[in-house]
1. Using 0.36 nm per residue, how much length does the chain from Asn92 to Thr110 gain when fully extended, once their Cα-Cα distance is taken away?
2. Report, in debye and to the nearest 20, how large the dipole of the stretch 32-130 comes out about its Cα centre when Lys and Arg carry +1 and Asp and Glu carry -1 on their Cβ.
3. Rounded, prolate or oblate: pick one for the stretch 32-130, where a ≥ b ≥ c are the square roots of the eigenvalues of its C-alpha gyration tensor, a/c under 1.5 means rounded, and failing that, prolate if a/b is larger than b/c, else oblate.
Amino acid sequence: MKKLVTAFTVLSLLFVFASCKKEKDPVYSIEGYWVGKYGSGSATPASGYSMLIEPGGVLTIADGSKISTSSKAVGTWTMTGNVFKATYTYQNGGSTFSIQANFSNTGKLTDGTWGSGSNVSGSGTWYMDRVN
């Protein structure tokens, strides 16, 4: 009888553990609305930065934490492996900049660098988190 109770207990515990589902973290694509910070030179990123990454390599980027109320630029983006790269120009004949960062499917762009023209580094660093 003792063996039967032990076997029943073990089977019950296995059933309980097997029926519990672990919630998985969401997996994000690169396309969406992103918000973060950028910094010039070796300064810690502290200035608002946002962008809308759209399908087909279309990009809208802004110097500010809200893309709708900030100075905007338009450009293009690419992904090679987990490396995101983009080039954009501010509207009305403004300056052109290029950026690069590591993309994580947990909704982070990290280790970002930016530069003037087609240079993806040399002017500062940045990071962003996916908002939606």
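Derivation of every value follows stated rules applied to the coordinates shown; laboratory data play no part. Just so it is clear, the structure is predicted and the values come from calculations on it, not from any experiment. For neighbour counting, all protein chains shown are included, and Cβ atoms are generated from backbone atoms with ideal geometry for every residue, glycine included.
1. 3.5 nm
2. 80 debye
3. rounded
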